[in-house]
1. Can you tell me which residue among 6, 29, 48 is aliphatic (A, V, I, L, M), part of a loop (DSSP other than H, G, I, E, B) and surrounded by 12 or more Cβ atoms within 10 Å (Cβ to Cβ)?
2. What residue, among those in segment 51-64 that are under 12 Å from the mean Cα position of the chain (by Cα) and outside any strand (DSSP E or B), is surrounded by the most Cβ atoms within 10 Å (Cβ to Cβ)?
3. Being loosely packed, with under 13 Cβ neighbours inside 10 Å and closer than 15 Å to residue 23 by Cβ: is that true of residue 67 here?
4. Criterion first (among the hydroxyl-bearing types (Ser, Thr, Tyr) and either under 23 Å from residue 47 (Cα atoms) or modelled with pLDDT under 90 (or both)) does residue 83 satisfy it?
5. Looking at 13, 87, 60, which one is within 23 Å of residue 99 (Cα to Cα), β-branched (Val, Ile, Thr) and without any contact (Cβ under 8 Å) to a residue 24 or more places away in the chain?
6. Would you pick out the residues in segment 8-46 that are polar (S, T, N, Q) and out of contact with any Leu (no Cβ under 7 Å at 6 or more places or on another chain)?
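The values are calculated or read from the model by the stated rules, or taken from the named source; none is laboratory data. Because the structure is a prediction, the values reported are computed rather than measured. With ideal geometry, Cβ positions are generated from the backbone for all residues, glycine too; neighbour counts draw on all protein chains shown.
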Amino acid sequence: MIENVLAEHETNVLSDADCCNGKIVAYYLEDASDRIKVYDFSTPANHLADINLPDIGSIVSSHGKHDSSEFFYKFSSFCDPGSQYRVELDGEFDNVCIGTTKL
C-alpha cells in the first residue's frame, strides 16, 4: 500500500525535497517565488517550520546530508545575483549567510 508522506498542496507546487537530520526539507513554488518548509517523517508529515528567505526569489541549488543537522542553499533574486545560506535544523531554523556574489 502506498501512502503520501507530504500531502498535495491546494495551490503551491512541490519542486524538490531533501532528507536532512531526520526531517524533510521541502521546496515549494508559491506565487512565483520559492519557499522552504520543514516537516517531520511521520505519515502524514507534520509541518515543523518555514524557513524565512531573504527576499522574493528563487532557490538556485540546495544540498544537505541525511545525517547532518544543517543544510545549505543558494538564493537568487532581482537584487541579489546569488547568496549562499546555511540553516541549522536543530535550533530555530535560522538562516546564516555564508557568501554572496558581487556584481
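1. 6
2. 53
3. yes
4. no
5. 60
6. Within segment 8-46, 11, 33, 42, 43, 46 meet the criteria.
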